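Taking it in order: structure first as structure tokens, then the write-up.
Readers should treat all values here as calculations from the given coordinates under stated rules, not as data from a laboratory. Quick caveat, the model's predicted, so the values are computed rather than measured. Positions of Cβ are generated from backbone atoms using ideal geometry, with glycine treated the same way; all protein chains shown enter the neighbour counts.
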């Protein structure tokens with residue numbers, strides 16, 4: 001089984017956003033990969049595929065990529081005054097409907113900024129009316145994931161036995177990256193030990209050790225490999241060495257496969273990233289070895305346990 005624990009479900013994307021994402025994120029990534037795509041063509045693809053309110057592109061990409069289950073998330077940012085409560089709820093409702101039409105394939109998480117005055121009530125509604133399975137945080141937007149506002153949402157999350165996927169890893173401005181430091185999740189693990197937390201990106205492939213040091217000590221803190229494909233494509237030996245070191249230090253059971261699709265898969269389809277992980281048993285460089293059990297755990301075994309899919 002292959003489980004992608006990090007997919008961005010989007011209801012709408014306008015031309016301004018498409019061009020900004022291509023210019024600020026996709027093109028710099030392409031340069032690192034030695035690719036020279038046409039930015040106008042990329043922006044056109046973004047407009048045609050990222051806005052996916054019915055989930056048709058999501059399911060198609062899962063089928064083509066060999067993904068059995070996807071953790072699909074919406075996003076929220078209270079600083080964006082154009083993003084109203086109604087917009088947030090509409091996205092969550094549509095994701096819930098996609099999940100309902102595809103039983104067993106979509107594990108929906110609601111993006112929610114805890115700075116919203118009504119955030120706790122919204123979280124309760126998402127769980128009880130829409131059947132959402134957890135919450136997605138982007139604390140780099142400007143809040144502490146272990147802060148007072150967040151705790152009101154985490155109380156609802158704990159009550160409903162939900163999963164928290166929270167961003168860690170630096171991003172370009174205007175992200176307030178000090179609020180995405182993994183160590184800020186330390187208090188969460190103490191005050192809400194029942195919540196399973198997935199640190200998106202594991203603080204990034206440049207500085208994953210702070211996440212690993214905490215994950216080694218907190219039994220319910222995990223991390224996903226979203227965006228690590230860029231390291232695998234550009235410096236495969238380094239990717240294998242870092243992943244091997246991580247497993248040797250904290251074990252393979254804390255690492256989950258993630259894609260950050262459809263954003264991070266615009267340049268490479270998700271099946272390539274899946275295959276990179278599958279190939280670890282045979283194509284790792286000399287002196288580095290991965291077992292089939294480790295690969296199977298990363299691709300889906302760990303996520304299946306974390307998400308409670310084995311019940």
Paramagnetic reach from residue 33 (point 7 Å along Cα→Cβ, amide N under 12 Å) across the stretch 222-238
227-234
Sorted from fewest to most neighbouring beta carbons within 10 Å, what does the list 90, 81, 133 look like?
81, 90, 133
Indicate, rounded to the nearest 5 percent, the antiparallel portion of the DSSP beta bridges found entirely in the stretch 3-306.
0
Expected sort for 63, 191 with the fewest Cβ neighbours (10 Å cutoff) up front is 63, 191
Under the helix-only model (-39500 (n - 2.57) for each DSSP H run of 4 or more, divided by the residues of the chain), the mean residue ellipticity at 222 nm, to 500 deg cm²/dmol, is -12000 deg cm²/dmol
Sorted from fewest to most neighbouring beta carbons within 10 Å, what does the list 148, 209, 289 look like?
148, 289, 209
Which residues in the stretch 246-264 have a backbone N closer than 13 Å to a point placed 7 Å from the Cα of residue 45 along the Cα-to-Cβ line?
262-264
Express in nm, to one decimal, how much length is gained between residue 68 and residue 249 on full extension, taking 0.36 nm for each residue of separation and deducting their alpha carbon distance.
62.3 nm
Per principal axis, descending, Cα span of the stretch 197-284 in whole Å
35, 27, 20
For the stretch 59-98, state the average projected area of the convex hull of the C-alpha atoms over all orientations, rounded to one decimal in nm².
3.5
Let a ≥ b ≥ c be the square roots of the eigenvalues of the Cα gyration tensor of the stretch 262-308; is it rounded (a/c under 1.5), or, if not, prolate (a/b larger than b/c) or oblate?
oblate
Apply the a/c threshold of 1.5 to the C-alpha gyration tensor of the stretch 120-177 and tell me whether it is rounded, prolate or oblate.
prolate
Rounded if a/c under 1.5, otherwise prolate or oblate - the stretch 1-141, Cα gyration tensor axes
oblate
What does a probe at residue 187 reach in the stretch 132-150, counting residues whose amide N is under 16 Å from the point 7 Å along Cα→Cβ?
139-140, 142-150
